[in-house]
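Reviewing the structure listed below.
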Amino acid sequence: MPPCVEMRKNSHGPTAMTIQTVQTKPFDDQKPGTSGLRKQVGVFQQAHYLENFVQAIFDTQAELQGGTLVVGGDGRFYNRQAIQIILRMAAANGVARCLVGQGGILSTPATSCVIRKHQTQGGIILSASHNPGGPNGDFGIKFNTANGGPAPEKVTEAIFECTKSITEYKTLEAEDIDLDTLECFTLGNMHVEIIDSVADYAELMAEQFDFAAIRDLIAGDFTLAFDAMHAVTGPYATEIIENQLGAPAGTVMNGTPLEDFGGGHPDPNLAHARELVAKTQGDHGLDFAAASDGDGDRNMILGKNIFVTPSDSLAILAANATVFPAYRNGIPGVARSMPTSQAADRVAEKLGIECFETPTGWKFFGNLLDAGRIAFCGEESFGTGSSHVREKDGLWAVLAWLNLLAARRESVADIVHAHWAEFGRNYYSRHDYEGVDAAGAEDLMNNLRESLGGLPGSELGGLKVAYADDFAYTDPIDNSVSRNQGIRIGFENGSRVVFRLSGTGTVGATLRVYIEAFEPDPAKQQEPTQEALATLIDIAREHAQIEKFTGRREPTVIT
Ligand code: VG1
Ligand code: CO
């Protein structure tokens, strides 16, 4: 935390600092999805749109009155304007103090870290994560609670309810504040502290991992690159990987956050990070490469000539937990979202620790982490994390892999292959059909749901169905129930296909099909993934009648 240099008065003087109550009308589309409210920028720029949602946060989260709020975002277009709006409204709604990332920059995991370290009452993160940015891209807002995690469903539902009947919001008539200088300001009765975006987070990482061992690894002939994709992790990765761990300048690629992410899609996967993937290929490929997404909570891990699926990454990190200083004594349990492969389950079984299967979205891990039931958790969608914060954490996963490589001094490929030989390999792939007609996608899901009753015991494509259901989850800590979380069809040989509709898109619907097959025999663990899964891919396509309902023959993105 920077010292409070000087308290400044707004140039309008105190008389201008009056609270205004502005009349407004509800918008009917402010229901948060898997991770906050995401819309195209133009939707957020409509008069009162952002204000209504923010007022609904203040109206429903009583502890923010007189409390401290963290505010930051991934630097995308409209980030700065939105922060100014939120600060004026926070002041008018009785928030005592706001901590704001310098330049408006705070990654999602860094926000979680700041909330926890400074014991604030919550935080607002401005991001549409991996969705493209810029004036024609997407924008988003999410609220995190005092534990540092994404608001649980009961909170997002209360906020949504409030948006449906809102009639007015409060704001302060005041000038914009300077977001770029590490200083304190007063806005009405509220203190605003512009904080270093990176410092608290970098300090936490140094506590979690063996930085000396990683420095030693990097100082040798080990080669690496990190692609920040012109998104929020640039400053974090530059400070930690280059400055603190000694990687050569230039190791961090695309390290300056840009409002439009350089026109790219800040989604770290094989489709959108091609340039980075290419650097790992061939005899002279890099030993290690990684990337993160728009708001810094996702990660992609690559080694020389190998891509580590996020599901395998979770399993491998869990199996090796004791190499990390923060988990020297082991971990109590692991959790994975339902569509994530069952690789972690096998590790949990062997370690004799608990394993939980939760619905998609990081908010479902919060209670388990808070209760100390799990320490590691992950999602197939390039999300991995631990109990150090309450968000998935892209750089944490990257540093965890570097720590693992430093401890074992083996290649990424050798570590992965040894893991498969010991635990079996879960071949895994996700097929996305993006931007399909929403009604067609709903029909597809309804049709699938109706087919479930007749499936167990029958055969699909020559495979016997063991179970078929619409996933529902009862939180073991607070007993809240979440239904309709995705359709699962499981086969007797341990294979699965899962279907769900995305809750983060902003145009039409996105159908996600998740395909998984288990292979215990090391002699059969080196097949190309799409070939190993070919039978299941056909079963999924035919049983769900994807072409009939979506008009698409092929997926848009395969990861
Ligand atoms: C997707 C992923 C999900 C992830 C969510 C937020 O949601 O599948 O696993 O938690 O994005 O990630 P959906 O509903 O589109 O499948 V992030 O990095 O976009 O905040
Ligand atoms: Co993200």
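The values are calculated or read from the model by the stated rules, or taken from the named source; none is laboratory data. Computed from a prediction, not measured in an experiment: that's the story for all the values here. All Cβ positions, even for glycine, are placed from backbone atoms using ideal geometry, and neighbour counts span all protein chains on display. These accessible areas exclude ligands, DNA and RNA; they are computed on the full protein's heavy atoms, side chains included. Shrake-Rupley method; radii C 1.70, N 1.55, O 1.52, S 1.80 Å.
The figures follow:
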| quantity | calculated |
| --- | --- |
| Dipole magnitude (debye, nearest 20) for the stretch 145-241, charges at Cβ of Lys, Arg, Asp, Glu | 380 |
| Of all DSSP beta bridges in the chain, antiparallel share, percent nearest 5 | 70 |
| Electrostatic dipole magnitude of the chain [Cβ: Lys, Arg +1; Asp, Glu -1; Cα centre; debye, to 20] | 520 |
| Phi-based couplings in Hz for the stretch 243-250 (Karplus 6.51, -1.76, 1.60; Gly and Pro marked x) | 5, 8, 9, x, 5, x, 4, x |
| Portion, in percent, of the accessible area of the stretch 447-525 that falls on carbon or sulfur, probe 1.4 Å | 46 |
| Descending Cα extents along the principal axes, the stretch 124-283, whole Å | 64, 36, 32 |
| For GLY149, distant residues with modelled amide H under 5 Å away | none |
| Highest to lowest packing among 543-550, 388-395, scored as the average C-beta count within 10 Å | 388-395, 543-550 |
| Candidate aspartates and glutamates - alpha carbon under 15 Å from LYS350, same-chain residues fewer than 8 apart omitted | GLU422 |
| Amide hydrogen neighbours beyond the local backbone of HIS191, cut-off 5 Å, H modeled | ARG97, CYS98 |
| In sequence order, calculated HN-Hα J values of the stretch 528-544 (Karplus, 6.51, -1.76, 1.60; Hz; x Gly/Pro) | x, 4, 5, 6, 4, 9, 3, 4, 5, 4, 5, 4, 4, 4, 6, 5, 7 |
| Solvent-accessible surface (1.4 angstrom probe) belonging to ARG500, in square angstrom, nearest 10 | 30 |
| Percentage relative contact order, the stretch 425-538, counting C-alpha pairs under 8 Å, at least six apart | 33 |
| Reach of LYS304 by Cα under 28 Å, taken over lysines that are not fewer than 8 positions away in the same chain | LYS279, LYS392, LYS524 |
| Environment charge of VAL252, counting only residues whose C-beta is closer than 12 Å and scoring Lys/Arg +1, Asp/Glu -1 | -3 |
| Sum of side-chain charges, LYS117 neighbourhood, beta-carbon under 13 Å (Lys, Arg +1; Asp, Glu -1) | -2 |
| Percentage relative contact order, the chain, counting C-alpha pairs under 8 Å, at least six apart | 13 |
| Accessible carbon and sulfur surface of the stretch 119-266 relative to its total accessible area, %, 1.4 Å | 48 |
| P(r) weight above 26 Å for the stretch 233-378, C-alpha pairs, percent | 35 |
| Accessible surface ranking that places the most exposed of TYR467, TYR49 first, with a 1.4 angstrom probe | TYR467, TYR49 |
| Neighbourhood net charge (14 Å Cβ-Cβ; Lys/Arg +1, Asp/Glu -1) for ALA413 | -1 |
| Rel. contact order, % - alpha carbon contacts under 8 angstrom, at least six apart, the stretch 37-115 | 37 |
| Distant-in-sequence amide H partners of VAL557 (H built 1.01 Å from N, under 5 Å) | ASP432, GLU434 |
| Straight-distance crosslink candidates among lysines, where the alpha carbon sits under 16 Å from LYS154 and sequence neighbours closer than 8 are dropped | LYS31, LYS142, LYS164, LYS363 |
| HN-Hα J in Hz across the stretch 189-205 - Karplus 6.51, -1.76, 1.60, θ = phi - 60°, x for Gly and Pro | 8, 9, 8, 10, 10, 7, 10, 4, 5, 9, 4, 4, 5, 4, 4, 5, 4 |
| Scattering profile of the chain at q = 0.06, 0.11, 0.12 Å⁻¹ [log10 I(q)/I(0), Debye over alpha-carbon scatterers] | -0.29, -0.99, -1.17 |
